[in-house]
1. Using the crude model of +1 on Lys and Arg Cβ and -1 on Asp and Glu Cβ, and no other charge, please compute the dipole size for the range 29-118 relative to its Cα centre, in debye to 20.
2. Need one number: nm distance between label points at residue 96 and residue 111, each 7 Å from Cα along Cα→Cβ, rounded to one decimal.
3. How about the range 79-118: which trypsin sites (Lys or Arg not before Pro) there are in a DSSP loop, with at most 10 other Cβ atoms within 10 Å of their Cβ?
4. Please list the non-local residues whose amide H lies under 5 Å from the amide H of residue 64, H modeled 1.01 Å from N, same-chain partners needing a gap of 5 or more.
5. Which value in deg cm²/dmol, rounded to the nearest 500, describes the helix-derived mean residue ellipticity at 222 nm for the chain, given -39,500 (n - 2.57) per DSSP H run of n ≥ 4 and division by the residue count?
6. Would you work out the relative contact order for the chain, in percent, from Cα pairs under 8 angstrom that are 6 or more residues apart?
7. Hey, any idea what Rg/Rh is for the range 4-99, computing Rh the Kirkwood way over Cα pairs?
Amino acid sequence: MRNAAQPAQIPTSFGNELRACLRCRLVKTYDQFRENGCENCPFFKMEEDSDLVNEGTTPNFNGLISVMDPDRSWAAKWLRISRFVPGCYTLAVSEALSEDLQNICEDERVQYVPPKRV
């Protein structure tokens, strides 16, 4: 398995407090993002500033998939999350990252693919 990283936290609740990272689509609760940040996007440093949790995540997303072995999952490849850590992901978000967070992605040289406009 190429992804030797620790798996992302599994959401502790599946209620209205779930949020999805706008860059990688990882799904966790607001409190989990606030306490531990995003395992795929540590450069956002969400655990250091709760405003960044609000700016870098959204409660508005469609569908949920759990990926245990991203390297071998055809669904992870199709969703373009095969390079991320194992965890729970949304199928789609409709919001884009703010310009400030897009600039962080550029500075860190990490790919950001904005959602398709319908």
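1. Dipole about the Cα centre, nearest 20: 720 debye.
2. Between residue 96 and residue 111, the simple spin-label model gives 1.9 nm.
3. Within the range 79-118, the qualifying trypsin sites (Lys or Arg not before Pro) (loop, at most 10 other Cβ atoms within 10 Å) are 109, 116, 117.
4. Residues meeting the amide H criterion: 91.
5. Mean residue ellipticity at 222 nm (helix-derived): -6500 deg cm²/dmol.
6. Once normalised by length, the contact order is 29 percent.
7. Dividing the radius of gyration by the Kirkwood radius yields 0.93.
We did not get these values from a lab; they are worked out from the coordinates using the rules stated. Keep in mind that this is a model prediction, so the values were computed, not measured. Cβ: placed from backbone, ideal geometry, glycine included. Neighbour counts: every protein chain shown.
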